[in-house]
Amino acid sequence: MRSVLLWIAVAVCSLGSVAAVIRSDGFGKPRDTEAAISFLGKRIDSIKGFHVCLDGTLPGYHLDRGFGSGANRWIIHLEGGGCCNSHSSCVYRKTTRRGSSRFMEKALNFTGILSNKPQENPDFFHWNRIMLRYCNGASFAWDSQDEGSQLFYRGQRIWQVAMEEFMSLGMQKADQALLSGCSAGGSALR
């Protein structure tokens with residue numbers, strides 16, 4: 001099972017990833033729509049610093065709802081983006097979308113395994129598709145902080161709160177679920 005998930009993570013990296021809902025362009029062809037960003041924690045009470053990005057902002061995700069036979073099926077893709085491996089690289093990273101939700105795109109068009117187009121993504125186009133944004137700098141791991149430079153390493157807590165939120169959005173009734181990731185997101189699958 002673990003090797004299958006790692007293979008999927010590699011396949012996702014080569015396909016690219018990002019989300020949308022099927023709509024008609026007026027000629028009956030599906031077109032992409034943008035999946036807006038939502039912020040983890042708005043639905044769940046938390047203390048300051050509990051599940052935050054490197055800079056202390058709330059982490060985000062993009063969701064495109066499934067339909068038809070995919071309404072109770074879920075795919076969660078963990079965004080990649082390398083790691084910060086020194087104090088100075090983490091301080092810099094918190095000024096980018098990889099360390100702060102302030103700099104994340106407000107909406108994404110999903111492609112590859114997250115696409116809503118049957119011809120591009122025949123197996124999962126109608127599933128609930130989520131991109132969990134990556135902003136902790138450590139592959140969704142760690143649970144600590146650096147008081148002096150206000151760096152929060154809360155990847156483990158981000159993951160826990162994300163799962164709680166996705167369950168509350170309907171994933172607890174899932175018939176099938178798939179976890180994928182790319183780069184640092186793929187490393188989190190281990």
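Here, each number is a calculation from the coordinates, and none is a lab measurement. Here the structure is a predicted model, which is why all the values come from computation and not from measurement. For neighbour counting, all protein chains shown are included, and Cβ atoms are generated from backbone atoms with ideal geometry for every residue, glycine included.
Just a few scattered comments:
- Residues of region 118-139 with amide N under 18 Å of the 7 Å Cα→Cβ point at Tyr92: 135-139
- Note, ³J(HN,Hα) from phi for region 59-64, Karplus 6.51, -1.76, 1.60, rounded to Hz, x at Gly and Pro: x, x, 8, 10, 10, 10
- For the peptides 139-148, 113-122, the ranking by mean Cβ contacts within 10 Å, running from highest to lowest, is 113-122, 139-148.
- J(HN,Hα) series, region 133-142, from Karplus relation 6.51 cos²θ - 1.76 cosθ + 1.60, nearest Hz, glycine and proline x: 6, 9, 9, 9, x, 9, 6, 6, 10, 6
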